[in-house]
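**Student:** I have a structure here, written as structure tokens, and I will follow up with some questions on it.
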Amino acid sequence: MKGRNFLLFFYLPFLGILIIFFVLSSLNRAYIKNKTENLVKEQLQAAAEILKINISHFLRENYSVAEIFDSYSGKENIYYIALLDEDKNVLGWSSRFEGYLPLSLHTVEGEGSWIIDSPAGKIFNFFSPFSPDEGKKCYLYIGYSLENLQEMIAYSRRNFFLIFGLIFVIGVILFLGFYQLQRSYLGKKEEAEVEKAEKERYREISAFTSGVGHEIKNPLNSLSLLFELLHNKVPEELQDDVALGKEEIHKISRIIDQFSTSLKPIKLNKERCSLAEMVSNVKESLSREYDISEVEIRYSESSSVYLEADKGLMSQAFLNLLRNSLDASERGLISIHAQQKKKAVQVRIEDSGRGIPEEDQERIFEPFFSTKKKGMGVGLYLTKKIIEAHEGKIEVRSQKGQGTVFVIHIPGG
Amino acid sequence: MRKSRYVILLLSLVILQAAVLGQETDHYYNVDTEKKVRGTIQMIVMEPRYKDSSPFLIVILEERKTKEMFNVEISPVRFFSQDFHKGEELEVVGSIYSLDGQKNIIARQIRYRGEIFMLRDKHGFPAWRGGEMTQKKKRKGKRF
């Protein structure tokens, strides 16, 4: 699934659920609010009925309206209260706010309840007739504060938005996390697929090249034998030419051998081996190959270093690296220093030769890349392959004219 | 100027005190009796108007056309920061009631020196009990 599709696949249902949650929760809150308001309304109406009975009682006891309302003035929830006669003239009133009695007789008929907004919050208004005495009709007008109800509604709204926001943020973070994971997984999968295809291609090329090499080497061997025979039978003046031809055939054979070796998959045959001993053997073999009278190859180690490695292949790797250093240094010192670093062995091979130009440093481990006249560009490629087969890595640091340092890290030791 | 104003205030207080002490029956903001009155300021007094409330600023206003006198109840003295001056014009929108033959107005909105001051909301809720007084800016060409 592509990144964008994945995002949509997760985000759309999440947003859908969030919207459903929002709508259902809003409907639910509206329903509860409506029910609560109705309940409060009923309760306040019931309270007003009790109030009417009390007022009727006080009036029959000949208390003045002012005295009656004084007894209610301390009640926190009653903002204002008024008593009106049959003709709706105000007989008496009391209000918590100076002169505030929002009663319009143009809009109120015989009885009713309504809610008004005020800077002090919503106020439930109740206007209702009652008879304190037989044959006498009065009206009670009362305004109750709905502050507590409003606080409750505001609290509920605040909590709702808090929970909604939290779910939204957590969801977004969670799915972004999933998205990143999926992207990373897809990236790695793609890399693995490319690598697999590359390996497959490499295996096919290897098999093909090995087959071609094998097919070429058979007639070459015959040719070599033929030149050997010819060498003894041709006149003396042609013997040098035949020898040259024979040498060229050997050269072709060596090239094919190198090709075959470089293309073969590496199979390790690990054993415990001393690095000092390995380097010593390599030095000996190089002394037969190179004139190293003016070059000093010095090996040092912080403590005795032993490797769990394929001795033959690892020797081949060091041989290739030292050949590279010798090719670059006509004289001077080539130092090899080994040390145990935590759970790995680090080997530094440092020469004071020509160095490698910066633009070539990235390419020196590529197969068949060489800056030398005689080289085929297989040595360093093979070295890298051998080191990597041992789960190690190799780095190069070099400056033109100031020598080169190869650093090898091999796990274990 | 300020001194003479306070002398007038003191005298007025003594004269009018008896008439307005306590919470009178009709002395509430009756939205049904709302009216607009324009006139000239004659006197400024401070009086207690409501039970357990601080003294109110009262402007004695002479109606422009009928020359009738109105006691205009503005707000608690501490709330209204503008200075009224005798002879200046004032337009009042408020609830009218009569007490002992004297006409009174509980002001909801006043226009003074071209500025409009909202003292109560449309139901008569006092601005000094619910936030700051609304003061509208001058309107061009609407001075009176």
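**Student:** So if R0 is 41 Å, what FRET efficiency would A:Glu391 and A:Ile19 give, r being the distance between their Cβ atoms, rounded to the nearest 0.05?
**Tutor:** Computed FRET efficiency for A:Glu391 and A:Ile19: 0.20.
**Student:** Restricting to DSSP loop positions (anything but H, G, I, E, B) with no more than 12 other Cβ atoms inside 10 Å of their own Cβ, which GluC sites (Glu not before Pro) remain in the stretch A:49-147?
**Tutor:** Answer in residue order: A:Glu61, A:Glu76, A:Glu86, A:Glu109, A:Glu111, A:Glu134.
**Student:** Please name whichever of A:Phe161, A:Leu149, A:Leu174 sits farthest to the positive end of the charge dipole of the stretch A:115-251, dipole taken about the Cα centre and charges placed at Cβ: Lys and Arg +1, Asp and Glu -1.
**Tutor:** Checking the options against the dipole of the stretch A:115-251, the answer is A:Leu149.
**Student:** Something else: Cross-link partners among aspartates and glutamates for A:Lys342, C-alpha distance below 18 Å, same-chain residues fewer than 8 apart left out?
**Tutor:** Candidates past the 8-residue exclusion: A:Glu301, A:Glu308, A:Glu391.
**Student:** Shifting gears a bit: With +1 on each Lys and Arg Cβ and -1 on each Asp and Glu Cβ, how big is the dipole of the stretch A:294-413 about its Cα centre, in debye rounded to the nearest 20?
**Tutor:** The dipole magnitude comes to about 60 debye.
**Student:** What shape does the stretch A:252-336 take by its C-alpha gyration tensor, where a ≥ b ≥ c are the square roots of the eigenvalues and a/c under 1.5 counts as rounded, a/b above b/c as prolate, and the rest as oblate?
**Tutor:** Oblate is the answer for the stretch A:252-336, as a/c is 1.5 or above yet b/c matches or exceeds a/b.
**Student:** Can you work out the FRET efficiency for the pair B:Arg78 and A:Tyr185, with r the C-beta to C-beta distance and R0 = 41 Å, to the nearest 0.05?
**Tutor:** 0.05
**Student:** Set the Förster radius R0 to 25 Å, insert the Cβ-Cβ distance between A:Ser64 and B:Ile96 as r into 1/(1 + (r/R0)^6), and round the FRET efficiency to 0.05.
**Tutor:** With a Förster radius of 25 Å, E is 0.45.
**Student:** State to the nearest 20 debye the size of the charge dipole of the protein assembly as shown about its Cα centre, where the only charges are +1 on K and R beta carbons and -1 on D and E beta carbons.
**Tutor:** Here the protein assembly as shown has a charge dipole of around 1540 debye.
**Student:** Another question, then. Using the Cα gyration tensor of the stretch A:57-106, with a ≥ b ≥ c the square roots of its eigenvalues, what is the shape: rounded (a/c below 1.5), prolate (a/b larger than b/c) or oblate (neither)?
**Tutor:** Since a/c reaches 1.5 but b/c is at least a/b, the shape of the stretch A:57-106 is classed as oblate.
**Student:** Can I ask one more? Which value, in debye to the nearest 20, gives the size of the charge dipole of the stretch A:169-263 about its Cα centre, when Lys and Arg are +1 and Asp and Glu are -1 at the Cβ?
**Tutor:** That gives a dipole near 740 debye.
**Student:** I would also like to ask the following. So what's the back-of-envelope 222 nm ellipticity for the protein assembly as shown, counting only DSSP H runs of four-plus at -39500 (n - 2.57) apiece and dividing by all residues, rounded to 500?
**Tutor:** -16000 deg cm²/dmol
**Student:** Please average, across the residues of A:87-99, the number of beta carbons from any other chain that are within 10 Å of each residue's own beta carbon, and give a whole number.
**Tutor:** The mean count of partner-chain Cβ atoms within 10 Å per residue comes to 6.
**Student:** Going 7 Å from the Cα of A:Glu289 along its beta-carbon direction, which residues of the stretch A:384-409 have the amide nitrogen within less than 19 Å of the resulting point?
**Tutor:** Counting backbone N atoms under 19 Å from the label point, the list is A:384-388, A:404-408.
**Student:** Then there's this: State whether chain A is rounded, prolate or oblate according to the following rule on the C-alpha gyration tensor (a ≥ b ≥ c being the square roots of its eigenvalues): a/c under 1.5 gives rounded; otherwise a/b larger than b/c gives prolate, and the remaining case gives oblate.
**Tutor:** prolate
**Student:** Does anyone have the angle between helix A:311-328 and the longest principal axis of chain A? Alpha-carbon axes, 0 to 90°, nearest 10?
**Tutor:** 80
**Student:** If you line up the Cα atoms of the stretch A:169-263 on their principal axes, what length do they span on each, largest first, in Å?
**Tutor:** Its Cα atoms span 95, 19, 11 Å along the three principal axes.
**Student:** Here's something else I'd like to know. Going down the list A:Lys270/A:Lys343; A:Lys246/A:Lys384; A:Lys267/A:Lys372, which pairs span over 22 Å between their C-alpha atoms?
**Tutor:** Result: A:Lys246/A:Lys384; A:Lys267/A:Lys372 exceed 22 Å.
**Student:** Just going by the charge dipole of the stretch A:368-409, with Lys and Arg at +1 and Asp and Glu at -1 on Cβ, which of A:Gly392, A:Thr371, A:Thr404 is farthest out on the positive end?
**Tutor:** A:Thr371
**Student:** On to the next question. Please list, by residue number, everything in the stretch A:348-375 whose backbone N is under 15 Å from a paramagnetic label point 7 Å out along Cα→Cβ of A:His337.
**Tutor:** A:348-352
**Student:** Defining a contact as two alpha carbons under 8 Å apart and six or more residues distant in sequence, what relative contact order in percent does chain A show?
**Tutor:** After rounding, I find 10 percent.
**Student:** Let me ask something else. What trypsin sites (Lys or Arg not before Pro) in the stretch A:319-408 are in a loop by DSSP, with at most 16 other Cβ atoms within 10 Å of the Cβ?
**Tutor:** A:Arg331, A:Lys342, A:Lys343, A:Arg363, A:Lys372, A:Lys373, A:Lys374, A:Lys400
All of the numbers you see were taken from the coordinates with simple rules; none came from a lab. These figures come from a predicted structure and were not determined experimentally. Ideal geometry is used to build each Cβ from the backbone, glycine not excepted, and the neighbour counts take in all protein chains shown.
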